[in-house]
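Below: the structure, in structure tokens.
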Amino acid sequence: MNGEQKTASGTAPAVAGLPDRLLRLPAVLLLTGRGRTVTLDDVKAGRFPAPIRVGRATLWSEREIQGWIADRIRTARGGR
């Protein structure tokens, strides 16, 4: 892999030197500034990274969330 990681919403740049962490929904909502309903609706529609299940917990990859945020910033600034 060339410094990138496959995600549910495409390819996200790997965060150099940082291990991937698993986040619960409240942490995801804080990072993104989004509400619970719109976030979960976007997961179902494939517009937001899908969570993974670890036992009974539903968790998101921090790298995938950061990649999603970076994509939104690039799009807003006319990149891509």
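Here are some notes:
- Just so you know, in the range 30-42 the residues that are of a type in the set (Val, Ile, Thr) and more than 18 Å from Asp20 (Cβ to Cβ) include one that is most open to solvent (accessible area, probe 1.4 Å), and it is Thr37.
- Check on Val38, in a helix (DSSP H, G or I) and touching a strand residue (DSSP E or B) at 6+ places or on another chain (Cβ under 6 Å): no
- When residues in the range 20-34 are screened for being touching a helix residue (DSSP H, G or I) at 6+ places or on another chain (Cβ under 7 Å), part of a loop (DSSP other than H, G, I, E, B) and modelled with pLDDT of 95 or more, 1 of them pass.
- Looking across the range 60-80 at every residue that is not in a helix (DSSP H, G or I) and not polar (S, T, N, Q), the one that is modelled with the lowest pLDDT is identified as Arg80.
- For the range 46-67, a residue qualifies if it is more than 16 Å from Arg36 (Cα to Cα), within 9 Å of the chain's Cα centre (by Cα) and either touching a residue at least 60 places away in the same chain (Cβ under 8 Å) or surrounded by fewer than 16 Cβ atoms within 10 Å (Cβ to Cβ) (or both), and exactly one does: Gly67.
The values are calculated or read from the model by the stated rules, or taken from the named source; none is laboratory data. Everything numeric in this text was worked out from a predicted model, so none of it was measured. A quick note on method: Cβ atoms are made from the backbone with ideal geometry, for glycine too, and the neighbour counts reach across all protein chains shown. Each accessible area value is taken on the protein alone, full model and side chains, heavy atoms only, with ligands, DNA and RNA left out. Shrake-Rupley method; radii C 1.70, N 1.55, O 1.52, S 1.80 Å.
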